[in-house]
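What follows is a set of notes on a single structure, which appears directly below.
The values are calculated or read from the model by the stated rules, or taken from the named source; none is laboratory data. Here the structure is a predicted model, which is why all the values come from computation and not from measurement. Cβ: placed from backbone, ideal geometry, glycine included. Neighbour counts: every protein chain shown. For accessibility, only protein heavy atoms count, side chains too; no ligands or nucleic acids. Shrake-Rupley method; radii C 1.70, N 1.55, O 1.52, S 1.80 Å.
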Amino acid sequence: MGEILDLQTINDYNEFLGLETLNPLVGIVDFSKVEVLKHRCKCFGFYAIFLKEKIHGPISYGRNKYDYQEGTLVFIAPGQVGGIDDDGETLHPQGYALLFHPDLIRGTLFARKMKEYTFFSYEVNEALHMSERERQTIFNCFEEIEEELRHPIDKHSRSIIISNIEVLLNHCLRFYDRQFATREVINSDVLTRFEALLNGYFDSRKPIELGLPSVAWCADQLHFSANYFGDLVKKQTGKSAIEYIHQAIISKVKDRLLGTNKTVSEIAYEVGFQYPHHLSRLFKKVAGCTPNEYRMQLR
């Protein structure tokens, strides 16, 4: 990866593109107004939502590279690095971007709600693929924000812009729900692989060497970001990924409680617990009784 361009403000990004800054905390970029888009990896100091219609070259994001499909939305949060790292350029690019700085929403109710928009921590290959109708909805939201940016700033400007951003992100939540649903067959395969991964984990020495499997570890093994993977599992099963892992752990513990004469402590260490009482606490939470009570009831 070449040198990373540090873009901490909306104005930094506009200067990189050669565009005017209408508001220091929020901006709409129309890439058709950029004659040449230079390919650079960039560290963003603000939130960015990209809809690029014409782009050449694989996008670098984190440690990976992805072929960017036209007509998809990609979300970037402050502190993330992304871009095309090939020293090339795109002539007459097409598409749009919404940029907003954390200071725009700081201290608002919306700022506390931002954690619900987990897609800002998805990888580029987990982008939102939209129908034409959905794309038009996003365009309409962009236009509403751009119209407000061209309005003289007054005491209502900030709240109106934030409200429009919230509407846009809520639409994106809806569209991701649709995407999870329409990819149900693919997602079912992911759950099958998830279950096989956990079975393989507990049938190996990994619990003794690594401890309990985390959501992040499982997601990485299955080539997903932790947030996307967690949302996918939640949509498919109604349980969080960690709840799914906990159920797998307790299932393995039950097998060993009834299939062996090992103590609860021995079993706890075998499945990856550092302290036996942590197993007893989780077992009681999931199964409704202690490990020894379970063993006595079914023997």
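Pairs please, first residue from the range 1-23 and within 19 Å of GLU146 (Cβ to Cβ), second anywhere and in a strand (DSSP E or B), Cβ atoms under 6 Å, 6+ apart in sequence or on different chains.
ILE10/GLY27; ILE10/LEU99; TYR13/LEU7
When you check LEU73 against the structure, is it open to solvent by less than 50 Å² (accessible area, probe 1.4 Å) and either modelled with pLDDT of 90 or more or in contact with a Leu (Cβ under 6 Å, 6 or more places away or on another chain) (or both), yes or no?
Criteria met by LEU73.
Residues GLY88, GLY79, GLY83: which one is loosely packed, with under 14 Cβ neighbours inside 10 Å, under 22 Å from the mean Cα position of the chain (by Cα), under 25 Å from PHE16 (Cα atoms) and modelled with pLDDT under 90?
GLY79
Condition first: among the acidic types (Asp, Glu) and under 30 Å from GLN179 (Cα atoms). Can you find one or more residues in the range 239-247 that meet it?
yes
Test each condition in (1) touching a residue at least 24 places away in the same chain (Cβ under 8 Å); (2) in contact with a helix residue (DSSP H, G or I) (Cβ under 6 Å, 6 or more places away or on another chain) for LEU91 and report the one that comes out false.
Unmet for LEU91, out of (1) touching a residue at least 24 places away in the same chain (Cβ under 8 Å); (2) in contact with a helix residue (DSSP H, G or I) (Cβ under 6 Å, 6 or more places away or on another chain): (2).
Take the residues of the range 150-172 that are aliphatic (A, V, I, L, M) and surrounded by fewer than 16 Cβ atoms within 10 Å (Cβ to Cβ): which is farthest from the chain's Cα centre (by Cα)?
That would be ILE153.
Please verify whether the range 192-214 includes one or more residues that are of a type in the set (Asp, Glu), more than 26 Å from LYS115 (Cα to Cα), open to solvent by 50 Å² or more (accessible area, probe 1.4 Å) and outside any helix (DSSP H, G or I).
Among the residues of the range 192-214, at least one is of a type in the set (Asp, Glu), more than 26 Å from LYS115 (Cα to Cα), open to solvent by 50 Å² or more (accessible area, probe 1.4 Å) and outside any helix (DSSP H, G or I), which makes the answer yes.
Condition check ((1) at pLDDT below 95; (2) among the hydrophobic types (A, V, I, L, M, F, W, C); (3) in contact with a Leu (Cβ under 9 Å, 6 or more places away or on another chain); (4) over 20 Å from LEU198 (Cβ atoms)) across all residues:
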position	(1), (2), (3), (4)
GLY238	yes, no, no, no
GLN247	yes, no, no, no
LYS252	yes, no, yes, no
ARG256	yes, no, no, no
GLY288	yes, no, no, yes
GLU293	yes, no, no, yes
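Hey, could you check the range 241-278 for residues that are under 18 Å from SER204 (Cβ atoms) and aromatic (Phe, Trp, Tyr) and say which is most open to solvent (accessible area, probe 1.4 Å)?
TYR269
Say whether the condition of being free of Cβ contacts under 8 Å to residues at least 24 places away in the same chain, open to solvent by 40 Å² or more (accessible area, probe 1.4 Å) and within 30 Å of CYS172 (Cβ to Cβ) is met by at least one residue in the range 279-299.
No.
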